[in-house]
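Peer 1: Have a look at this one.
The values are calculated or read from the model by the stated rules, or taken from the named source; none is laboratory data. It should be emphasised that the depicted structure is a prediction, and the values quoted were computed from it without experimental measurement. Cβ sites come from the backbone with ideal geometry, for glycine too, and all protein chains shown count toward neighbours. Protein only, heavy atoms only, side chains kept; ligands, DNA and RNA dropped before computing areas. Shrake-Rupley method; radii C 1.70, N 1.55, O 1.52, S 1.80 Å.
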There are 4 protein chains.
Amino acid sequence: MRQSAILLINCPDAKGLVASVSGFLYEHGANILSADEHRDDASERFFMRIEWDVADFRLDPAAFPAAFESQVARRFGMDWRVEYSQRPMRVAVFVSKYLHCLADLLYRHQTGELAADIRLIVSNHEDARRHAEFHGIPFEYVPVGPGGKAEAEARALKLLDEQEIDLVVLARYMQVLSPEFVERYEGRVINVHHSFLPAFSGAKPYHAAFARGVKLIGATAHYVTEILDDGPIIDQEVIRVSHRDQLEELIQKGRDAERMVLSRAVRWHLEHRVLLCGRKTVVFE
Amino acid sequence: MRQSAILLINCPDAKGLVASVSGFLYEHGANILSADEHRDDASERFFMRIEWDVADFRLDPAAFPAAFESQVARRFGMDWRVEYSQRPMRVAVFVSKYLHCLADLLYRHQTGELAADIRLIVSNHEDARRHAEFHGIPFEYVPVGPGGKAEAEARALKLLDEQEIDLVVLARYMQVLSPEFVERYEGRVINVHHSFLPAFSGAKPYHAAFARGVKLIGATAHYVTEILDDGPIIDQEVIRVSHRDQLEELIQKGRDAERMVLSRAVRWHLEHRVLLCGRKTVVFE
Amino acid sequence: MRQSAILLINCPDAKGLVASVSGFLYEHGANILSADEHRDDASERFFMRIEWDVADFRLDPAAFPAAFESQVARRFGMDWRVEYSQRPMRVAVFVSKYLHCLADLLYRHQTGELAADIRLIVSNHEDARRHAEFHGIPFEYVPVGPGGKAEAEARALKLLDEQEIDLVVLARYMQVLSPEFVERYEGRVINVHHSFLPAFSGAKPYHAAFARGVKLIGATAHYVTEILDDGPIIDQEVIRVSHRDQLEELIQKGRDAERMVLSRAVRWHLEHRVLLCGRKTVVFE
Amino acid sequence: MRQSAILLINCPDAKGLVASVSGFLYEHGANILSADEHRDDASERFFMRIEWDVADFRLDPAAFPAAFESQVARRFGMDWRVEYSQRPMRVAVFVSKYLHCLADLLYRHQTGELAADIRLIVSNHEDARRHAEFHGIPFEYVPVGPGGKAEAEARALKLLDEQEIDLVVLARYMQVLSPEFVERYEGRVINVHHSFLPAFSGAKPYHAAFARGVKLIGATAHYVTEILDDGPIIDQEVIRVSHRDQLEELIQKGRDAERMVLSRAVRWHLEHRVLLCGRKTVVFE
């Protein structure tokens, strides 16, 4: 596997951005593998993802930040970060009783589709333990009793700290996270909601969709923010249903949409392809 | 072209329904071409669409109602109606300034995809007149001035009466119909809304979808009821969009979804494939 | 769970078919749950699937065949069979080294989506053993050494006999079955081919699709016949790809199409929704 | 409308490509609007499309070629060209008796979706004349009598010459072009084939697809080469069909796939988003 570095930039649009960044990389010996740019007309901001082979690159990870900041980033007022493929993200998956999304993520992890270091599966139920063990991933049972939510969350946060988790995936985790949790992991918690947001936000979306008589059933992967089901959307998927589908079939079909949409969103995040742009996302597929 | 009759039934579920209906048809010489049934578990009602070749059928349209009512329908408490393919529906299309849905319907009508007798195009603008003339369909300009809505609607209703219109298609008609109009043509007005309902109901759905950052843009064809954008859904369609799509591209892509979904819904209605089931539809494709 | 019976009919089209079948069922107390009919214009044959609640049905499985044959089937020259939901099909899954289709089938079996009695997993490799054990399903390692194909197949057939297998699913099984095997299980072996047939039949379809530069990658589930990749198609699925997808990504995306298409085809077969019509299938979804 | 220039590059991969191109553009005052890159692993070639606002750009179209060639292109062995949005492509549409693709192109042209200068509609039948006149585009009837193919083609080529046509769109034109024609307009003739290529190449693809019993019906837009239906694929689309669809319905559904796929391909070509890469295309959507 080729080792690469990925630079992510978000800054006010200006002339010379691409020339400066690519010039800087070239001077230090980078062989660019891919580059994606986007200009958001509403905010007049520029987004860039640029990936290069580190084989001949003469700036090591320790030296990169100061050099790039002084030679390029400061001048353009860039928000930026650099990631290295040799350090895969550390991931924790939170799950409750529905295991289809977890099973799909673990399967794709096993086949190498998801370049992640899954450190932890956290659940308020015991159902996922066997799956965790089958895949050799530590399982933590963190029950949420009546009035015990703050305590449970504290324990979960401690586990995330210990494992230095970069990304939390809510794979049908049926507990609402506190604002403190959300703030601390801002832009680093991905949830799958089982509807085509903004339709049917909140509880029991399949029941609501069934009652409304929709002809497509949807799922949405999004970053979690303080407002429920309102965070920036990463991906959405729908599946055709008909009058023949009773509630149970609708839930079954929806599961396929959930699995696909969450796996894609997680993969894009792991490959540093998703940038936040206000309430929206830029996804460099 | 084979001439056929289509019987549509909606009644409480009971044993012997299929046997009674098919037995009655067989006795009178029907050769069944297709039959579709659906049982709605929630309401415990049964829906049926049965189509037969009228070539050897020995009950003519005048005699059918009394015979079927006394021999079958009464016993099961059926809501029913019979339609004949030799009498295509009489259709009026209402349109404002966006002509893509109208153009698509007229094109499909011309190729024979839509077995309709389009009697009339009604618009509160002059833009559609050339299209109407190109296709040889009468065009009626019914402007809606300030305070002139009731008068305009009265004129439109008079036109519908004169032409004995069976189906009104709102092909991006930007006026809200009065409750009286809706009631009079209940289950006979199809609208296309340019969003994936129930998301983004009301005005400017593309703007709202763009602001929310959705990754799929949708369109919905539905029967019009008194409550705006709330009627039974006939069909829905979505098209993938990305951060690269600015509002204008999103509107362009959405147009394709609108055209496809409205044309399908109209076709199904014209072929008597759509039955109402409370707030939902049963679509026998 | 409601117990039901399913009658499948294939016969020359004739008047009175639906009336006779539904009349017969009604006389014996059947409450029809669903009915599907299809007339194939080319062959002028009629296909029917009719399902009823057996709760009040007065013909038991032992008495049904003689009664239906003499009272209905003989008169219309019907090919027919009846199935009972209380006897789920007995299934054997054959797999080689790629486990994604197997994993998907086992997952859906576990959630109750596939109403099957999976008796056996057969493989020419050891890779699937852990999955089989995790799901508590017997695993049989049947290696195919050089020149040992006939012997291996004999052993596989013996296993199928012992378990009274109704359906063989080839979930990326990389051995070609002998004509004798195929003939013996005619219409009862479902294979997934990793291309949009008839394009790219034979070996290495992903490589061929990549070389051709297709923009959609496909998968096909079909019944196995003597001619490779030529049997009646049950379902097909495609996934969009682009120039950015190298061979490896194309294979990854294709896996999702394979999993979905095979699971759907197997499910429809298990629910007796697939009828053969010459080289084609009628699928009563 | 913003005026822009678009630079298209195809060259052996090398370090410094992006830096050199973007540096050159920056020096001359370009404000980059978008940039897309692709590295083809098989050929080790690099593809780039870069678009900039010409408002402050200090190299006019007359001076650009020599400057870019000497300062950048020569060093990297680039195949390149530059296009200007103020000069839309000149297009000729060839059509026979099926008008759905033509109608769709003309409709999109009218709404401004296709930034083209459609100079000419050429047909071997009179059917399209009314459409051409409705849209105010010159129509040329070029019949192809028995043995008159060479003469007809000569006349068509003369028309293309006179109008300085950049792109020929075969919108269901049922004549095979001669190798001389194809060679002269290499990479500048787009055809729509009514199947999912490479399946069902050649004549009557819908009949072949119907006979094979496929469950998805497809269409392919591709550049025309000497070998029939073998040119680089620009886009493909499929639509789901079932056993209920007889040949006629399959053709109707296929028409929607044809229209969508051809319009997308033409649009991408007009916006200089398609680059040839051997037998494949790179499409910078």
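Peer 1: Can you go through B:His272, B:His222, B:His243, B:His193 and tell me which one is open to solvent by less than 40 Å² (accessible area, probe 1.4 Å) and at positive phi?
Peer 2: Numbers: B:His222 fails: at positive phi; B:His243 fails: at positive phi; B:His193 fails: at positive phi.
Going through B:His272, B:His222, B:His243, B:His193 in turn, just one is open to solvent by less than 40 Å² (accessible area, probe 1.4 Å) and at positive phi: B:His272.
Peer 1: With the requirement that a residue be touching a Cys at 6+ places or on another chain (Cβ under 8 Å) and either of a type in the set (Phe, Trp, Tyr) or modelled with pLDDT under 95 (or both), what does the stretch D:84-124 give you?
Peer 2: Start the filter on the stretch D:84-124 by keeping residues that are touching a Cys at 6+ places or on another chain (Cβ under 8 Å), which leaves D:95.
Within the stretch D:84-124, no residue meets the criteria.
Peer 1: Report yes if some residue within the stretch B:25-35 is open to solvent by less than 30 Å² (accessible area, probe 1.4 Å) and either touching a His at 6+ places or on another chain (Cβ under 6 Å) or in contact (Cβ under 8 Å) with a residue 40 or more places away in the chain (or both); otherwise report no.
Peer 2: no
Peer 1: Failed condition for C:Asn124, given (1) under 22 Å from the mean Cα position of the chain (by Cα); (2) over 27 Å from C:Arg264 (Cβ atoms); (3) open to solvent by less than 60 Å² (accessible area, probe 1.4 Å), with all others met?
Peer 2: Result: C:Asn124 passes all but (2).
Peer 1: A further question on this structure: Against the definition (among the basic types (Lys, Arg) and closer than 20 Å to D:Ala116 by Cα), how does D:Arg184 come out, yes or no? Let's see the steps before the verdict.
Peer 2: On the way: among the basic types (Lys, Arg): yes; closer than 20 Å to D:Ala116 by Cα: no.
Considered against the rule, which asks whether it is among the basic types (Lys, Arg) and closer than 20 Å to D:Ala116 by Cα, D:Arg184 comes out as no.
Peer 1: Same structure, new question: Just to be sure I understand, how many residues within the stretch C:187-211 are free of Cβ contacts under 8 Å to residues at least 12 places away in the same chain and among the basic types (Lys, Arg)?
Peer 2: Of the residues in the stretch C:187-211, 1 are free of Cβ contacts under 8 Å to residues at least 12 places away in the same chain and among the basic types (Lys, Arg).
Peer 1: While we're looking at this one, here's another question. For the stretch B:209-219, which residues satisfy the criterion of being more than 8 Å from chain A (Cβ to nearest Cβ) and closer than 17 Å to B:Leu262 by Cα?
Peer 2: The first filter runs over the stretch B:209-219 and keeps only residues more than 8 Å from chain A (Cβ to nearest Cβ), leaving B:209-210, B:217, B:219.
Correct list: B:Ile217, B:Ala219.
Peer 1: Limited to the stretch B:64-78, what total is found for residues that are surrounded by fewer than 14 Cβ atoms within 10 Å (Cβ to Cβ) and either touching a residue at least 40 places away in the same chain (Cβ under 8 Å) or over 17 Å from B:Ile50 (Cβ atoms) (or both)? Full working, then the answer.
Peer 2: Applying the first criterion (surrounded by fewer than 14 Cβ atoms within 10 Å (Cβ to Cβ)) to the stretch B:64-78 yields B:66, B:69-70, B:74, B:77.
Among the residues that remain, those that are also either touching a residue at least 40 places away in the same chain (Cβ under 8 Å) or over 17 Å from B:Ile50 (Cβ atoms) (or both) are: B:66, B:70, B:74, B:77.
Total meeting the criteria: 4.
Peer 1: Look through C:Phe139, C:Phe181 and report the one residue that is away from chain D (no Cβ under 14 Å), touching a Lys or Arg at 6+ places or on another chain (Cβ under 9 Å), touching a residue at least 12 places away in the same chain (Cβ under 8 Å) and of a type in the set (Phe, Trp, Tyr). Break it down stepwise before answering.
Peer 2: Values: C:Phe181 fails: touching a Lys or Arg at 6+ places or on another chain (Cβ under 9 Å).
Testing whether each residue is away from chain D (no Cβ under 14 Å), touching a Lys or Arg at 6+ places or on another chain (Cβ under 9 Å), touching a residue at least 12 places away in the same chain (Cβ under 8 Å) and of a type in the set (Phe, Trp, Tyr) leaves just C:Phe139.
Peer 1: Conditions first: (1) modelled with pLDDT under 95; (2) open to solvent by less than 20 Å² (accessible area, probe 1.4 Å). D:Ile165 passes all but one, so which condition is the exception?
Peer 2: (1)
Peer 1: Counting residues that are in contact with a Gly (Cβ under 9 Å, 6 or more places away or on another chain) and on the phi < 0 side of the Ramachandran plot, which helices (runs of 4 or more DSSP H) fully inside the stretch D:1-113 reach at least 2?
Peer 2: Working: elements: D:17-27, D:64-68, D:100-111.
By residue number, D:17-27.
Peer 1: Cβ-Cβ distance below 6 Å, separation of 6 or more or different chains: which pairs start in the stretch C:99-121 with a residue that is facing another protein chain (nearest Cβ under 9 Å) and end on one that is not in a loop (DSSP other than H, G, I, E, B)?
Peer 2: Taking only residues 6 or more apart or on different chains, the pairs are C:His100/C:Arg255; C:His100/C:Arg259; C:Ala103/A:Tyr107; C:Asp104/C:Arg259; C:Asp104/C:Ser263; C:Tyr107/A:Ala103; C:Arg108/C:Ser263; C:Glu113/A:Gln252.
Peer 1: A further question on this structure: Return yes when A:Glu249 is surrounded by fewer than 19 Cβ atoms within 10 Å (Cβ to Cβ), under 15 Å from the mean Cα position of the chain (by Cα) and among the acidic types (Asp, Glu) and no when it is not.
Peer 2: Working: surrounded by fewer than 19 Cβ atoms within 10 Å (Cβ to Cβ): yes; under 15 Å from the mean Cα position of the chain (by Cα): no; among the acidic types (Asp, Glu): yes.
No: the conditions fail for A:Glu249.
Peer 1: Just need a number here: residues in the stretch D:196-208 that are surrounded by 17 or more Cβ atoms within 10 Å (Cβ to Cβ) and either facing another protein chain (nearest Cβ under 9 Å) or within 21 Å of the chain's Cα centre (by Cα) (or both). Spell out the reasoning first.
Peer 2: Quick first cut of the stretch D:196-208, residues surrounded by 17 or more Cβ atoms within 10 Å (Cβ to Cβ) only: D:196-200, D:205-206.
Now drop any that are not either facing another protein chain (nearest Cβ under 9 Å) or within 21 Å of the chain's Cα centre (by Cα) (or both), which leaves D:196-200.
The qualifying residues number 5.
Peer 1: Do you know which residues across the stretch C:41-63 are within 26 Å of D:Phe210 (Cα to Cα) and surrounded by fewer than 17 Cβ atoms within 10 Å (Cβ to Cβ)?
Peer 2: Hits for the stretch C:41-63 are C:Asp41, C:Ala42, C:Ser43, C:Glu44.
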